[in-house]
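Below: one structure, written as structure tokens.
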Amino acid sequence: MAVAGGAACAPLLWRCGGRVSVASSALGAALCGAFRNMSEGRRRDVHAGAVPAAAAAPGRSGSGGADGLGDGLHPGFYDSTVEKYAQQALDKLSMEQMIEWGQAAWRDPDKNILRSARHVQRELPKRLARRLLDLQLLPHLVVTNPHIKAVYDGYRRSFDSLRAIPLVRSHKDNSKFCAELRRHLDEHAVMLDRLAAGLRECRRRQLVGAFLHLDDFFDTMLRSRISRRVMAEQHLSLSAHRPGYVGIVAADLPVAEAVGLAAQMATQMCVETFGVSPEFEMCGDVRASLSYIPAHLDYMLFELFKNAARAVVETHRARSGPRARLPPVSVRVCDGGPGHLTVHVSDQGGGVPPGLLRHVWSYGFSTVGMADSELAQWLRAPGEGASVAARASGQPPADGAGGAAHEEALLRLPAIGAVSAPPWDALDRDNGVGLGNGGSGGAADGGGGEGGEEAASSYVPGDSPHSSAGGTRDALGALQGGDGGGGGVPPSGQLSGSFRMAGLGFGLPLSRLYARYFGGDIVLHVVPGYGTDVYLTLTRPRLEPGEVYPRSGNVA
Ligand SMILES: Nc1ncnc2c1ncn2[C@@H]1O[C@H](COP(=O)(O)OP(=O)(O)O)[C@@H](O)[C@H]1O
Ligand SMILES: [Mg+2]
């Protein structure tokens with residue numbers, strides 16, 4: 001008796017109990033293919049160190065089927081592999097662990113680099129799976145947006161291809177794995193822009209845009225993105241032995257240096273935008289240093305400084321005309337000892353109107369280009385009640401509060417996806433790396449401009465494929481002028497049009513996300529009509545007493 005497909009159909013023979021006649025029909029061939037996929041899926045799971053199906057989906061053999069092929073009722077409807085991975089607990093990596101593992105990798109590369117590789121290999125698919133589920137939960141309008149769909153497809157591709165990589169057992173395996181990781185980092189560099197572009201397009205929909213509450217979604221997506229990139233880049237940098245660094249973490253990063261650099265960049269951008277800039281004055285514990293990822297700190301300072309400079313210029317010009325004297329922006333470094341370090345940025349830019357304070361942490365919120373009438377709407381007191389029908393009919397809401405109140409009411413509707421925490425995140429917040437407190441902050445920067453289709457419109461740590469999460473100062477190349485992808489530093493002082501002084505509305509929320517990621521925070525205090533004080537607090541890793549960082553890159 002001939003067996004269609006020969007040895008390749010062995011699973012069919014096994015599953016069908018020897019009723020091989022099925023395999024000679026078209027249906028049989030299809031089944032055969034399906035089983036082949038299934039067995040490949042299993043093989044991948046084993047390679048990628050995934051938990052067995054039973055453990056991954058406790059208590060059931062599958063909605064979607066433990067085989068990952070369908071929901072049992074509608075074969076092919078839903079691939080439950082994503083669910084299986086999303087349910088697995090995350091193995092988080094703190095800053096302390098990053099440093100500890102990095103040092104261990106220097107001491108015993110054979111063991112520890114491979115351990116790190118397997119950790120990354122295990123963790124990335126779980127995190128991607130959670131984000132895929134988050135994307136699946138979005139409203140129809142959002143998931144069908146081409147940008148968001150592209151993000152989903154990109155994540156899905158990565159999820160599949162990472163799982164297909166055999167378990168890293170040797171340095172040769174690791175080299176291949178690293179090449180694949182780099183490819184993923186490159187490919188995902190544009191995802192942030194696409195997410196932001198998708199957000200803009202959806203929010204612009206006249207009737208339903210205001211119903212979208214995507215801050216929590218962005219928060220989770222971007223925190224997870226930071227975590228994946230930090231993890232991947234830390235692993236890629238482990239063998240680099242860069243002096244003063246443990247992977248991408250600068251062991252002893254001088255804060256004054258970061259402040260000076262960000263101030264220089266913000267000044268330059270402010271002058272290019274407005275023709276003038278306030279001075280930046282640094283004081284306090286100017287010798288302070290900490291272990292941190294430089295690109296993260298650079299980004300946060302740069303965004304805060306740009307905001308301060310813009311507020312000072314706009315406010316004083318409005319009050320005293322184009323030749324107004326600009327009061328300086330004060331930057332005080334406050335060394336809080338072993339636990340914390342705070343950078344206090346104080347400007348006399350008139351402050352943020354109280355009614356706007358709660359909006360400034362929203363992704364995409366910016367007062368740039370906002371007409372007075374629009375500003376007044378944002379500032380007006382909240383009203384009650386609203387519906388899509390009311391919007392469609394153009395009728396004011398039942399309380400007669402008018403358009404602004406109506407918008408406010410819409411904005412206060414429960415966030416989609418935030419009504420009940422999804423189970424994969426209830427297991428543990430996907431902070432991934434770090435001590436992040438999972439606060440409600442941030443979003444991504446990188447948003448892109450009006451066009452919706454912009455690529456790489458702003459600098460975000462982690463977007464530069466090779467230096468990005470960028471412990472290294474090379475990441476400043478990205479800060480300076482848009483790292484074209486090579487991680488190199490573009491000609492000094494060259495500020496391309498790819499960065500903006502303001503207008504994307506991602507600077508504050510994304511900076512706060514970065515700060516919180518490693519257990520810090522950003523807090524804003526406004527002195528109405530006078531200015532703004534921003535406190536950027538960074539958490540120092542808790543390290544064993546007496547631990548010494550090798551400036552030389554060699555561990556004693
Ligand atoms: N130091 C500041 N002084 C006054 N307003 C500020 C300050 N920082 C932020 N803001 C307000 O918060 C908004 C959001 O800031 P941000 O997220 O950085 O986005 P963007 O700078 O692109 O507008 C700004 O548009 C501005 O209205
Ligand atoms: Mg800004």
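The values are calculated or read from the model by the stated rules, or taken from the named source; none is laboratory data. Bear in mind the structure is a predicted one, so any value in this text is a computation, not a measurement. Please note: Cβ atoms are built from the backbone with ideal geometry, for glycine as well, and neighbour counts cover all protein chains shown. Remember, those area values only see protein heavy atoms, side chains included, never the ligands or the DNA or RNA. Shrake-Rupley method; radii C 1.70, N 1.55, O 1.52, S 1.80 Å.
Summary of computed values
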item	result
Test: residue in the range 286-298 that is open to solvent by 40 Å² or more (accessible area, probe 1.4 Å) and away from ligand 2 (no atom under 16 Å from the Cβ)	yes
The range 338-366, subset touching a residue at least 60 places away in the same chain (Cβ under 8 Å) and small (G, A, S), residue farthest from ligand 2 (Cβ to nearest atom)	G339
Odd one out for E272, checked against (1) surrounded by fewer than 17 Cβ atoms within 10 Å (Cβ to Cβ); (2) under 27 Å from the mean Cα position of the chain (by Cα)	(2)
Considering residues of the range 338-360 that are of a type in the set (A, V, I, L, M, F, W, C) and open to solvent by less than 40 Å² (accessible area, probe 1.4 Å) only, the residue farthest from the chain's Cα centre (by Cα)	V352
Near pairs, Cβ below 8 angstrom, 6+ apart or cross-chain, from the range 309-337 (surrounded by fewer than 21 Cβ atoms within 10 Å (Cβ to Cβ)) to any residue that is in a strand (DSSP E or B) and of a type in the set (D, E, K, R)	P327/D347; P328/E281; S330/E281; S330/D347
Those strands (runs of 3 or more DSSP E) lying entirely in the range 238-354 with at least 3 residues in contact with an Asp or Glu (Cβ under 6 Å, 6 or more places away or on another chain)	329-335
Spans of helices (runs of 4 or more DSSP H) in the range 95-183 with at least 1 residues under 24 Å from Y292 (Cβ atoms) and touching an Asp or Glu at 6+ places or on another chain (Cβ under 8 Å)	109-136
Residue tally, condition within 15 Å of ligand 1 (Cβ to nearest atom) and among the polar types (S, T, N, Q), over the range 332-352	2
Any hit, the range 171-186, residues being under 19 Å from R131 (Cα atoms), modelled with pLDDT under 95 and surrounded by fewer than 20 Cβ atoms within 10 Å (Cβ to Cβ)	yes
Residue among R287, R323 that alone is farther than 18 Å from R540 by Cβ and away from ligand 1 (no atom under 16 Å from the Cβ)	R323
